[in-house]
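Enquirer: Pasting in a structure now, in structure tokens, and then I'll have a few things to ask.
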Amino acid sequence: MTADAVKAYALALACTTTDCPFDGDFVSTVLRHSDSRKWFGLVMEIDGRHVGREGRTTILNTKADPALSALLIEKYNWIVPSYHMNKRLWVSIVLSEADESVVKQLLDHSYALTDRKPRVRG
């Protein structure tokens with residue numbers, strides 16, 4: 001799955017936006033809820049050594065339940081502990097090796113985890 005495909009999928013989710021949060025870096029892109037501004041993904045091109053690869057590689061960081069993160073890292077060699085984020089709460093996906101359907105499921109999961117909680121009215 002390409003970085004552009006990830007961004008297009010994310011933008012198709014309700015109330016989402018993207019932006020480039022790092023000064024002078026127009027490649028790294030945050031996927032966020034447009035209302036709360038919370039991140040649910042981060043696409044970055046990095047030195048592959050940070051995720052056990054050679055050369056430059058594009059990754060997607062998504063938030064995941066800690067128990068799920070451990071299972072994903074064990075099951076898929078293209079999912080690793082997160083680069084640049086909390087390694088307990090986020091995973092990095094090596095996009096050039098990833099299964100598109102799993103990436104979409106993880107984006108949906110991250111989107112749901114970071115969505116605003118419903119307010120209780122009383």
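The values are calculated or read from the model by the stated rules, or taken from the named source; none is laboratory data. What you are looking at is a predicted structure, and each value in this text was computed from that prediction instead of being measured. Neighbour counts are summed over all protein chains in view; Cβ atoms, including those assigned to glycine, are modelled from backbone coordinates with ideal geometry. Side chains are part of the model used for accessible areas, which takes the heavy atoms of the whole protein and leaves out ligands, DNA and RNA. Shrake-Rupley method; radii C 1.70, N 1.55, O 1.52, S 1.80 Å.
Enquirer: Among the residues of segment 1-19, which ones are in contact with a Ser or Thr (Cβ under 9 Å, 6 or more places away or on another chain), open to solvent by less than 60 Å² (accessible area, probe 1.4 Å) and assigned to a loop (DSSP other than H, G, I, E, B)?
Expert: Passing the criteria: only M1.
Enquirer: Go through (1) open to solvent by 50 Å² or more (accessible area, probe 1.4 Å); (2) in contact with an Asp or Glu (Cβ under 7 Å, 6 or more places away or on another chain) and name the single condition H33 misses.
Expert: (1)
Enquirer: Residues of segment 24-53 being closer than 21 Å to D99 by Cβ and assigned to a loop (DSSP other than H, G, I, E, B), which ones?
Expert: G52, R53
Enquirer: Within segment 61-80, identify whether any single residue is free of Cβ contacts under 8 Å to residues at least 12 places away in the same chain, open to solvent by 20 Å² or more (accessible area, probe 1.4 Å) and not in a helix (DSSP H, G or I), and answer yes or no.
Expert: No - not one qualifying residue is present in segment 61-80.
Enquirer: So F22 ticks every box in (1) open to solvent by 10 Å² or more (accessible area, probe 1.4 Å); (2) among the aromatic types (F, W, Y); (3) closer than 16 Å to K104 by Cα but one. Which box is left unticked?
Expert: Status for F22: all satisfied but (3).
Enquirer: Residue by residue through segment 81-97, note down the ones that are farther than 17 Å from G55 by Cβ, open to solvent by 20 Å² or more (accessible area, probe 1.4 Å) and in contact (Cβ under 8 Å) with a residue 24 or more places away in the chain.
Expert: Within segment 81-97, H84, M85, L89, W90 qualify.
Enquirer: Still on this structure, I have one more. What are the pairs, 6+ residues apart or on separate chains, where a residue within segment 1-24 that is free of Cβ contacts under 8 Å to residues at least 12 places away in the same chain has its Cβ under 9 Å from a residue that is part of a helix (DSSP H, G or I)?
Expert: A14/Y111
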